[in-house]
2 protein chains.
Amino acid sequence: MSNCTQCIMKRFNALKTLTHDELERFSDHKTSLIIKKGENIMTEGNSINGLYCIQDGKCKLTKLNTNGKEQIIKFIKGGDILGHRSILSEEPVGLNATALEDMRVCFIPKGDILDSIKDNPQFSLNLIKNISLQLSHANTSISQMAQKPVKDRLAETLLSLEEIFGVDNEDCIDVILTREEIANTIGTATESAIRLLSNLKKDGVIDLLGKKIKILNKNALKNISEGY
Amino acid sequence: MSNCTQCIMKRFNALKTLTHDELERFSDHKTSLIIKKGENIMTEGNSINGLYCIQDGKCKLTKLNTNGKEQIIKFIKGGDILGHRSILSEEPVGLNATALEDMRVCFIPKGDILDSIKDNPQFSLNLIKNISLQLSHANTSISQMAQKPVKDRLAETLLSLEEIFGVDNEDCIDVILTREEIANTIGTATESAIRLLSNLKKDGVIDLLGKKIKILNKNALKNISEGY
DNA sequence: AAAGATAAATGATAAATATCATAATTAGAA
DNA sequence: TTCTAATTATGATATTTATCATTTATCTTT
């Protein structure tokens, strides 16, 4: 099994300040998991006894509304970590993490994480910063959901998807989402999302190649996202 | 000037695990401020060099949208703390904190806070839990903004305002907000908020006494907030 | 108490968005 | 491959929400 001290993913997340010894300890206790597309890494309301470090693959963080609708809160990719909020706050998991494609994930038991939090203030601080940043993004999101029209939110979301996942060799945003998932991200009906995507294509701002989306005019999208 | 070791507010927030010595240190360095209605305690984008502990009075945390509209993210009252997120993440303040009435506030310099974070893991953990809980609430809020109609969000907001501020001696929600502020909380036009409040009054669910709002049928409101 | 300013209320209308229906396309399974 | 189911697309319509206009009420200041 791979060794945490060698793992390239640790460079991208809050684990980067861990010492060699700490990473050895993680390595000894960690388990590697394969999560198939559609399966959950974590489930809303469940308790959790460790931290997940994403090696490879993408997932969505969702919340099920009282009316049964799914809201996508955030996207996760390789290098991200999951579950630290729940470990730190000693609360159940708040969101579902559902694989958008097959994933490779490492699970590090809670005990090791808590040990490192005690021993390594910088690690602790990095986790806090991570959560802080999420809160900051969430507040921005509230404001946009509340006040921006659907079209603006769609433009914003497309830009942010390209930011997060980058583009493939055909310059398409490198994640495959259903129209329903796009709708559940921006908070609208699936048909509305489809319609607005079609309009953006008609206007030459994006191109649609099956489920793949290519941004043709980033500036135009940015303007739309800001209401122009 | 009052002494932190005696302060009743410390019982209600993350400061409750501080030792007597730590509180003495806070007491020596703290400053007390009066913030008049309409003034800002913190301003979006500014940096901050300490933590605010609210003694008395209420404020709103807002975000200014790119279109110039104000979104109210959260309400704050006596016993709450402000600024810890910014201190911990070493980022500028993300939200405006604007007094809804005259306030008494204590300011504790950053250095003392950081010392206590180093010395007192439980204090540190409490701050993390506080931010964690805020993140959890924010995620719920995103979901509701995105998927619930305005009427449901208004009902939800009224219940939550009563939860936060309690009721006065006439059973009215104990905070005075303009209709515009209510609209900016639920993310709608002022006229829409006014109209929906009038409807709720007509249906006997709430009573409107000037700016004061009295919840008459909490169950009905809860049902409305869940879409029934 | 009166005057002016601000906020609240309400009606009329327009715009945004959701819903329902149905066709076209795509993906997945036998 | 071929069939079936799911997804995407699009039109028609209904509903929700915003905007504009105007009136009424409330608050401030003198």
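The values are calculated or read from the model by the stated rules, or taken from the named source; none is laboratory data. Since we're looking at a predicted model, the values are computed, not measured. When we count neighbours, we look across all protein chains shown, and the Cβ atoms used for this are built from the backbone with ideal geometry, even at glycine. To get the accessible areas, we keep the full protein, side chains included, count just its heavy atoms, and leave off ligands, DNA and RNA. Shrake-Rupley method; radii C 1.70, N 1.55, O 1.52, S 1.80 Å.
Taking every protein chain into account, the accessible area of segment B:151-208 amounts to 46 square angstrom per residue (probe 1.4 Å). Measuring nothing but protein heavy atoms, the accessible surface of segment A:67-112 at 1.4 Å probe radius is 48 percent carbon and sulfur. Between segment B:182-210 and segment B:127-173, the alpha-carbon centres lie 16 Å apart.
Label-point spacing at A:Gly227 relative to the other copies reads 2.9 nm, in ascending order, each point sitting 7 Å out from Cα along Cα→Cβ. Taking a probe of 1.4 angstrom, what is the accessible area of B:Lys151 in Å², to the nearest 10? In the full protein context, B:Lys151 sits at about 90 Å². Taking 29 Å as the straight-line reach from the Cα of B:Lys30, the lysines in range (excluding those fewer than 8 positions away in the same chain) are A:Lys118, A:Lys129, B:Lys10, B:Lys16, B:Lys58, B:Lys60, B:Lys63, B:Lys74, B:Lys77, B:Lys110, B:Lys118, B:Lys129.
Would you be so kind as to list the residues of segment A:76-118 that have their accessible area lowered by at least 50 Å² in the full protein complex compared with their chain by itself (1.4 Å probe)? Buried-area filter returns A:Arg85, A:Leu88.
When the alpha-carbon atoms of segment B:1-99 are used, the pair Rg, Dmax equals 14.3, 48 angstrom.
Among the GluC sites (Glu not before Pro) in segment B:127-194, those located in a DSSP loop and surrounded by at most 10 other Cβ atoms within 10 Å of their own Cβ are B:Glu170.
What the Cα convex hull of chain B gives, in volume per residue, is 130 Å³. The angle between the Cα long axis of helix A:121-147 and the longest principal axis of the Cα atoms of chain A comes to about 20 degrees, rounded to the nearest 10.
Interface burial in segment A:176-220 reaches 10 Å² or more for A:Gly187, comparing the full protein assembly with the chain by itself; accessible area from heavy atoms with a 1.4 Å probe.
The heavy atoms of A:Asp102 present about 80 square angstrom of accessible area, all protein chains included, probe 1.4 Å.
In the structure shown, the pairs A:Lys214/B:Lys148; A:Lys37/A:Lys69; B:Lys148/B:Lys202 are assessed against 24 Å; a Cα-Cα span above that value is assigned to A:Lys214/B:Lys148. Relative contact order, whole percent, for segment B:46-199 stands at 23, derived from Cα pairs under 8 Å and 6 or more residues apart. Each of B:Leu114, B:Leu88 has its accessible area taken with a 1.4 Å probe; listed largest first, they run B:Leu114, B:Leu88.
In terms of the Cα gyration tensor, with a ≥ b ≥ c the square roots of its eigenvalues, is the protein assembly as shown rounded because a/c is under 1.5, prolate because a/b exceeds b/c, or oblate? Cα axes put the protein assembly as shown in the oblate bin. Solvent exposure of segment B:1-118 amounts to 46 Å² per residue of accessible area, where only protein heavy atoms count and the probe is 1.4 Å. Taking label positions 7 Å along the Cα-Cβ direction at both B:Glu91 and A:Glu91, the computed distance is 1.8 nm, reported to one decimal. If you average the C-alpha positions of segment A:1-42 and of segment B:1-48 separately, how far apart do those two centres end up, in angstrom? After rounding, the separation between the Cα centres reads 40 Å. Distances between equivalent label points of A:Gly111 across the copies, with each point positioned 7 Å along Cα→Cβ, amount to 4.2 nm, shortest listed first.
Between A:Thr17 and A:His29, the contour length at 0.36 nm per residue exceeds the alpha carbon distance by 2.5 nm. Accessible area ranking (1.4 Å probe, heavy atoms, ligands and nucleic acids excluded), largest first, for B:Glu90, B:Glu44: B:Glu90, B:Glu44.
Approximating the spin labels as points 7 Å out from Cα along Cα→Cβ, the A:Asn46-to-A:Ser192 distance works out to 3.2 nm. Accessible surface for A:Lys60 stands near 20 Å², nearest 10, in the context of the full protein assembly shown (1.4 Å probe).
Considering only A:Gly79, A:Gly50, A:Gly210, the mean-square fluctuation computed in a Gaussian network model of chain A, springs between alpha carbons under 10 angstrom, is largest for A:Gly210. Largest to smallest in accessible area, the residues A:Phe12, B:Phe165, B:Phe123 fall in the order A:Phe12, B:Phe165, B:Phe123 (1.4 Å probe, all protein chains included).
Structure remark: mean-square fluctuation, Gaussian network model of chain A, C-alpha springs under 10 Å; the largest value among A:Gln55, A:Gln122, A:Gln71 belongs to A:Gln122. Mean per-residue shielding of peptide B:56-69 is 3, counting Cβ atoms of other chains within 10 Å of each Cβ.
Here the extension length gained between A:Glu101 and A:Glu39 equals 21.4 nm, from 0.36 nm per residue of separation less the Cα-Cα distance.
Between B:Leu197, B:Val105, B:His137, the Cα set farthest toward the positive side of the dipole of chain B (charges on each charged residue's Cβ, about the Cα centre) is that of B:Leu197.
The contact between chain B and chain A removes approximately 3500 Å² from the accessible area (both sides summed; 1.4 Å probe; ligands, DNA and RNA excluded).
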